[in-house]
Amino acid sequence: MKLIELIIDENELLSGINAISLVEYPAIEEDFVALNSAKKVEFATQSEEKRILMGAALVPNKPIYRKNGEDEFYVYFTKETIRRASEMFFQNGNQNNSTLEHEVDLQGLSVVESWIIEDEEYDKSRKYGLDLPIGTWMVSMKVNNPDIWEGYVKSGKVKGFSIEGYFVDKVNMSREGLEDIEEQEAALILSSIVGIIKSDKRLKKGKRIEMESYTDYPDAVKNNAKRGIELNEKNNNKCATDVGKIRGQQLAQGKAISVETIKRMYSYLSRAEEYYDESDSSACGTISYLLWGGKAGKRWAESKLKELGKL
């Protein structure tokens with residue numbers, strides 16, 4: 001059966017944990033114990049009077065069974081993802097979001113304490129008899145809802161915590177996506193510049209080097225870049241890397257570009273074309289593609305490289 005790592009996509013606003021649910025069967029299979037009751041209830045209550053529950057929200061590298069239609073698989077979270085998810089939970093102000101069995105929104109419940117287990121012997125969880133691995137995300141939840149406390153916690157109808165949120169499959173995220181393509185182009189440009197500086201002996205003699213460059217790209221390329229800049233401004237400039245934004249300014253102003261830049265244009269536009277959607281002017285894939293000259297830029301770059309014998 002497949003084992004899939006789930007990670008946070010920090011470019012997605014909804015990514016991360018947005019609520020903690022009280023459930024009868026926790027997905028992480030870590031039940032709690034009631035300290036102040038002769039009957040084992042599964043919840044570790046730090047105080048019956050204060051109505052505070054304590055337990056694990058996420059356990060690192062713990063396989064969690066999932067089924068999607070006929071497809072069965074396990075998912076898991078690393079220590080690094082769990083730590084970042086716990087941070088974002090509070091950064092996004094979700095500590096008062098709770099549900100019952102992932103179906104009913106609850107009022108009067110708040111996460112009042114949170115920590116990552118870092119010591120096997122002296123962590124606070126050990127005081128309550130909980131044997132959980134390093135990297136586990138622990139939470140304490142205040143229950144100010146008497147109906148939930150009496151009807152579900154004390155009765156044993158709920159036994160643990162279960163998270164709600166949005167994560168992505170690392171296998172799918174590791175494929176060559178738009179941002180990865182942009183970052184690769186930036187790295188390639190930088191390495192090319194470094195290579196030129198290190199290998200050209202004329203620089204050591206203080207001589208200026210004139211790099212072969214061209215300005216004969218058509219107006220359609222300039223107009224695409226201008227359109228990309230306008231759309232990105234409407235989108236608070238959140239799309240594209242710095243390299244992509246600089247490329248858009250160069251093309252929009254009709255500035256000369258080197259053969260290496262033309263190669264990068266053709267490389268980027270060929271690989272990123274699948275993310276371009278002419279009907280969606282707010283999509284980063286569309287905006288980034290336009291900044292690099294769009295389809296007209298790809299056609300010109302390909303033609304120019306063939307003309308120069310570089311393709």
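Considering each residue of region 60-81 in turn, at least one proves to be modelled with pLDDT under 90 and within 23 Å of residue 127 (Cα to Cα).
When the criteria are applied in full, residue 264 fails the requirement of being among the charged types (D, E, K, R), in contact with a Leu (Cβ under 6 Å, 6 or more places away or on another chain) and surrounded by 17 or more Cβ atoms within 10 Å (Cβ to Cβ).
What are the residues in region 81-129 that are in a loop (DSSP other than H, G, I, E, B), more than 27 Å from the chain's Cα centre (by Cα) and either in contact (Cβ under 8 Å) with a residue 24 or more places away in the chain or buried (at least 16 other Cβ atoms within 10 Å of the Cβ) (or both), if any? Matches in region 81-129: 107, 108, 123, 128, 129.
When residue 9 is tested against (1) modelled with pLDDT under 85; (2) assigned to a loop (DSSP other than H, G, I, E, B); (3) out of contact with any helix residue (DSSP H, G or I) (no Cβ under 7 Å at 6 or more places or on another chain), only condition (3) is not met.
For region 255-285, a residue qualifies if it is under 16 Å from residue 242 (Cα atoms) and within 29 Å of the chain's Cα centre (by Cα), and the qualifying residues are 264, 265, 268, 284, 285.
Residue 61 meets the conditions (1) in contact with an Asp or Glu (Cβ under 8 Å, 6 or more places away or on another chain); (2) under 18 Å from residue 26 (Cα atoms) in every case but one. The failed one is (1).
Name the single residue that is farthest from residue 55 (Cα to Cα) among those in region 101-131 being among the hydrophobic types (A, V, I, L, M, F, W, C) and in contact with a Ser or Thr (Cβ under 6 Å, 6 or more places away or on another chain). Restricting to residues being among the hydrophobic types (A, V, I, L, M, F, W, C) and in contact with a Ser or Thr (Cβ under 6 Å, 6 or more places away or on another chain), the top hit is 106. If only residues of region 130-168 that are assigned to a loop (DSSP other than H, G, I, E, B) and among the hydrophobic types (A, V, I, L, M, F, W, C) are counted, the one that is surrounded by the fewest Cβ atoms within 10 Å (Cβ to Cβ) is 134.
For region 291-311, a residue qualifies if it is crowded, with 18+ Cβ neighbours inside 10 Å and more than 24 Å from the chain's Cα centre (by Cα), and the qualifying residues are 292, 293, 294, 296, 297, 298, 300, 301, 304.
Give the residue that is nearest to residue 217 (Cα to Cα), with candidates limited to residues of region 229-269 that are in contact (Cβ under 8 Å) with a residue 60 or more places away in the chain and not aromatic (Phe, Trp, Tyr). By that ranking, first place goes to 261.
The values are calculated or read from the model by the stated rules, or taken from the named source; none is laboratory data. As the structure is a prediction and not an experimental result, all values here were calculated from the model. So basically every Cβ, Gly included, is an ideal-geometry build from the backbone, and we count neighbours across all protein chains shown.
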